[in-house]
Amino acid sequence: MISQFNCLENALKYFFGYDQFRSGQKQIINEALNDKDLLIIMPTGGGKSLCFQLPALLKSGVCVVVSPLIALMQDQVDALLDNGIGATFLNSTLNREELQSRENAILKGKIKLVYVAPERLLNDNFLNFLDFLKQKVGLSAFAIDEAHCVSAWGHDFRPEYRQLKQLRFRYPKVPMFALTATATKRVRADIIEQLGLQNPTVHVASFDRPNLYYEVQQKSRRSYTQLLNYIRNQEGSGIIYCLSRKNVETIALRLQQDGIDALPYHAGMYDDERATNQTRFIRDDVRIIVATIAFGMGINKPDVRFVVHYDLPRNLESYYQESGRAGRDGEPANCALFFSFGDLKRLEYLIDQKIDEKEQRVGRQQLRQVVDYAEGTECRRSIVLRYFGQQYKGKCDNCDNCKHPKPVEDWTIEAQKFLSCVARCQERFGMSHIIDVLRGSKKKKVEKYGHHLLSTYGIGKDKSAAEWKMLGRSLIHQGFVNETTDGFSVLKLNKYSWEIFRNERKVEIAIAKSLTSKASNDY
Ligand code: ADP
Ligand code: ZN
C-alpha cells in the first residue's frame with residue numbers, strides 16, 4: 001500500500017493534508033509499519049494520534065483504538081471522517097440497531113479505525129466479533145490511547161484498563177501501540193508490564209512546549225483581584241483551575257459580576273449543564289471556563305490562550321498536563337500558577353489525613369516538587385523538563401525567571417547563623433522555633449528548653465521573621481538542610497550544611513519581592 005505513495009510524506013499529504021511530519025512521527029510510523037509493539041510518549045498536542053492513524057490507513061485490516069472517554073472518541077472519529085477516512089466508534093451511547101449496522105460496515109472492510117471503550121472491548125460478544133473480524137478483514141493493530149490509565153502510579157488509573165492484557169494473549173501476533181503523555185519511568189515500566197507489550201520500542205518525544213510562557217505569581221491576600229487583573233491582561237480563551245467545587249462556583253460567579261464571560265465546570269454539576277458549558281467553551285460562546293481538574297482530559301480546543309492555576313496543583317505532572325492545554329495550536333500562550341504558603345499548608349493537611357503511609361509519602365514528595373517549581377529561581381522550563389528526565393540547557397527566555405530574574409544575594413553568614421542554631425537546638429525543632437531563638441523571642445517554649453541560654457539566642461535580631469523564613473525555605477529547597485515531616489516538621493543538618501559551616505559552600509538566595517510588601521504574611 002505504501003508503494004502507492006512512494007514515500008510517507010505523500011501519504012501524509014494525501015490523507016491528512018499536512019506537508020511534513022512532526023518530530024518523531026515518521027520514525028514511529030516506520031516502526032509501526034514493521035509490526036513492532038510500541039510505547040509512544042509524547043506531550044499533549046504532540047501529534048500522537050497520527051502515529052497509529054497513518055499506519056492503520058497503510059496496512060490491511062482494521063486498527064482497534066481503545067480510548068477511555070466517549071467525548072474524545074466522537075471528536076477523533078469526526079475529524080477522521082472530515083478527512084474522508086473510514087472510521088467509527090462503538091460505545092454505550094449507541095442503540096442496538098446502530099451498533100449492528102456499524103459492525104456490519106466494519107465487517108465489509110470499509111472501516112480502517114474503530115474506537116472502543118475498554119469495558120466494551122472485553123465483553124464476550126465483542127471478543128467474538130473481533131475473532132470474526134480478524135478472520136474476515138484482519139486486525140492491523142491495537143492502539144491503546146491514554147495508556148497511563150493502566151498504571152496505579154499514573155494520574156488517572158482505570159481498573160478496566162488492567163483487563164487489556166487479555167488482548168495480548170488472545171491475539172499475540174497483532175501489534176500493540178500504547179500511547180500516553182505521562183512520562184515518569186515508573187508509569188512507563190508499568191504500561192509495558194500491564195499491557196504485556198512484547199519487546200517494545202519506546203519513543204519519548206521532547207516535552208518542551210516552547211510556545212508556552214510559564215510564570216508563578218505569589219498569591220496575595222486579595223487573590224481574586226489579582227486573578228481579575230491577570231485575566232484583563234490576557235487575550236482569547238482561558239481555563240482557570242481551582243481545587244474545590246465551591247471555589248469554582250464562587251470565582252465563576254464573581255467573574256460574571258465583573259463583566260468577564262465565564263462559566264463553571266466541576267464533577268458536582270448536572271451532566272447536561274456541565275456538557276453544555278464545555279461545548280460553549282469549545283465553540284467560543286464563552287471565553288473562560290473555571291474548572292476543577294475534572295475538566296480537560298481529551299478536550300480538543302487548540303486555541304486556549306491561557307491557563308491559570310488559582311490553587312496549587314497536587315503534583316508537577318498534573319501541572320504540566322493541565323497547563324499544557326494552553327496553546328496546542330503552537331501559537332504563544334500563557335501558563336500562570338498562583339502560589340501561597342496557605343495553599344501549601346492546606347494540601348499538606350489533606351495529605352496528613354490519608355491513612356496509607358505510602359500514599360502520604362508519595363503525596364509529600366510530589367507536593368515538594370511543586371514547591372520546588374513554584375519557589376525555584378532558575379528557568380521554569382528547565383525545572384519541568386528535569387522532572388520528566390529531560391535536560392534543558394541554559395535559559396529559555398520564555399518564563400518569568402528568565403525574563404525577570406530575581407535579584408540574588410549572598411546570605412552565607414545568615415545561613416551559618418541559622419544552621420548553627422539548628423545544631424545548638426540538637427536538630428529536634430522546626431523552623432518557627434529556630435527563628436524564635438535566632439530573634440531572641442521571649443516565648444515560653446524557648447525558655448522551657450533553656451534555649452534562651454544558647455549562644456545563638458538573639459543573634460538574628462537584625463532580620464525579620466519573614467526574612468529568616470525565606471532563608472530557611474530556600475535552604476530546604478536547595479537541599480542544604482533537611483526537613484523531616486513525619487508528624488511535625490523538624491530541621492536536620494546534612495553534608496551540605498557542614499560544607500556551609502566550613503565556608504566551603506556559598507549560599508545565594510533570590511530575594512522575593514513580596515518580602516518588602518504586605519503579602520509576605522501569607523504563611
Ligand atoms: P495528542 O493526541 O498527542 O495530544 P493529537 O494527535 O490530537 O495530539 O494532535 C494534536 C494536533 O496536531 C491535531 O490537531 C493534529 O491534527 C495536529 N497534527 C498532528 N500531526 C501533525 C503534522 N504532522 N502536521 C500538522 N499538524 C499535525
Ligand atoms: Zn526560562
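Miscellaneous remarks
- Nitroxide proxy distance, nm - points 7 Å out along Cα→Cβ at residue 409 and residue 199: 6.2
- Angle of helix 223-232 to the longest C-alpha principal axis of the chain, folded into 0 to 90 degrees and rounded to 10: 50°.
- Computed magnitude of the charge dipole of the range 144-204 (debye, nearest 20; Cβ of K, R +1, Cβ of D, E -1): 240
- Charge tally in the Cβ shell below 14 Å around residue 163, where Lys, Arg are +1 and Asp, Glu are -1, residue 163 excluded: +3
- Taking each DSSP H run with n ≥ 4 as -39500 (n - 2.57) and averaging over every residue of the chain yields -12500 deg cm²/dmol at 222 nm.
- When only Cα pairs below 8 angstrom with a gap of at least 6 residues are kept, the range 367-523 shows a relative contact order of 25 percent.
- A protection proxy built from the mean count of other Cβ atoms within 10 Å ranks the segments 373-383, 85-95, 307-317, most packed first, as 307-317, 373-383, 85-95.
- Antiparallel DSSP beta bridges within the chain, as percent of all bridges there, nearest 5: 10
- Distance between the pseudo-spin-label points of residue 279 and residue 250 (7 Å out from Cα toward the beta carbon): 3.2 nm.
- The ranking of 142, 501 by Cβ neighbour count inside 10 Å, starting from the fewest, reads 501, 142.
- For the chain, the longest principal axis of the Cα atoms and the long axis of helix 341-352 meet at an angle of about 70 degrees.
- Each other residue within a Cβ distance under 12 Å of residue 11 adds +1 if Lys or Arg and -1 if Asp or Glu, for a net charge of +2.
- Among 273, 119, the order by Cβ neighbours within 10 angstrom, fewest to most, reads 273, 119.
- For the chain, relative contact order (Cα pairs under 8 Å, six or more residues apart, normalised by length) works out to 12 percent.
- Among 498, 109, 142 the positive-end extreme of the charge dipole of the chain (Cβ point charges): 498
- Magnitude of the charge dipole, the chain, Cβ model with Lys/Arg +1 and Asp/Glu -1, debye to 20: 1360
- Helix 412-424 axis, angle to the chain major axis (alpha carbon atoms, nearest 10°): 80
No lab work stands behind these numbers, since they all come straight from the coordinates. Because the structure is predicted, anything quoted here is derived from the model rather than measured. Quick reminder, even Gly has a Cβ in these numbers, built from the backbone with ideal geometry, and neighbours come from all protein chains shown.
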